[in-house]
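Q: The structure's right below; bear with me while I get my questions together.
The values are calculated or read from the model by the stated rules, or taken from the named source; none is laboratory data. These numbers come from a predicted model, not from an experiment. Cβ atoms come from the backbone with ideal geometry, glycine included; neighbour counts cover every protein chain shown. SASA here: full protein model, heavy atoms, side chains in, ligands and nucleic acids out. Shrake-Rupley method; radii C 1.70, N 1.55, O 1.52, S 1.80 Å.
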Amino acid sequence: MKAFITVIMLVASNVLMTFAWYGQFKLSEMRISDDWPLFLIILLSWGVAFFEYCIMIPANRIGYVQNGGPFNLIQLKVIQEVISLTVFSVIVTLAFKGEKIEWNHLVSFGLLVLAVFFAFLGKK
């Protein structure tokens, strides 16, 4: 159950992270932030990132083997990277109409899935 909770929380935190990092481009595309100074964009991103950290930090604590979770640190990091790329790809594909997933992106995603496989290969 801790593995499931960890993954769900990492997905939620990565949704917020994607908006914190890349939401500024959507705001600009929608003409909402055209005249905003950079420091305001940064503050908005930090505000969103605060809530991302409020989910991500507990997710890692719940999932970490030394806290009774099922994952070691490397496994947590590899899982997070795959979740991050997956969430990013879905959001970019849905929210940014000019962006599309190409064959080489799919190959790179597949290689990341292989990274997860290899990260768990030695687990007993």
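Q: Could you tell me how many of the residues in region 27-53 are among the hydrophobic types (A, V, I, L, M, F, W, C) and in contact (Cβ under 8 Å) with a residue 24 or more places away in the chain?
A: Of the residues in that region, 4 qualify.
Q: Continuing with this model, one more query. Of the residues that sit in region 1-12 and are among the aliphatic types (A, V, I, L, M) and open to solvent by 10 Å² or more (accessible area, probe 1.4 Å), which one is farthest from residue 55 (Cα to Cα)?
A: 1
Q: Pick out the one residue from 32, 74, 57 that is at pLDDT 95 or above and open to solvent by 60 Å² or more (accessible area, probe 1.4 Å).
A: Checking each option against the conditions leaves just 57.
Q: Further question on the same structure: Give me the pairs, please: first residue somewhere in region 71-97 and without any contact (Cβ under 8 Å) to a residue 60 or more places away in the chain and over 12 Å from residue 7 (Cα atoms), second residue anywhere and outside any helix (DSSP H, G or I) and open to solvent by less than 20 Å² (accessible area, probe 1.4 Å), beta-carbon distance under 8 Å, and either six or more positions apart or on two chains.
A: From residues that are without any contact (Cβ under 8 Å) to a residue 60 or more places away in the chain and over 12 Å from residue 7 (Cα atoms), there are no pairs.
Q: Could you list, in sequence order, all residues of region 87-105 that are assigned to a helix (DSSP H, G or I) and either among the polar types (S, T, N, Q) or surrounded by 11 or more Cβ atoms within 10 Å (Cβ to Cβ) (or both)?
A: The answer is 87, 88, 89, 90, 91, 92, 93, 95, 104, 105.
Q: Follow-up question, since we're still on this one. With respect to residue 84, is the statement that it is open to solvent by less than 60 Å² (accessible area, probe 1.4 Å), modelled with pLDDT of 90 or more and polar (S, T, N, Q) true?
A: So residue 84 passes the test.
Q: Further question: What are the residues in region 114-124 that are closer than 14 Å to residue 85 by Cβ and surrounded by 13 or more Cβ atoms within 10 Å (Cβ to Cβ), if any?
A: Once the filter is applied, which keeps residues that are closer than 14 Å to residue 85 by Cβ and surrounded by 13 or more Cβ atoms within 10 Å (Cβ to Cβ), region 114-124 yields 115, 116.
Q: Within the bounds of region 30-48, is there any residue that is part of a helix (DSSP H, G or I) and under 24 Å from residue 109 (Cβ atoms)?
A: no
Q: Another question, then. Please find, within region 13-26, the residue that is nearest to residue 85 (Cα to Cα) out of those that are open to solvent by 40 Å² or more (accessible area, probe 1.4 Å) and of a type in the set (A, V, I, L, M).
A: 15
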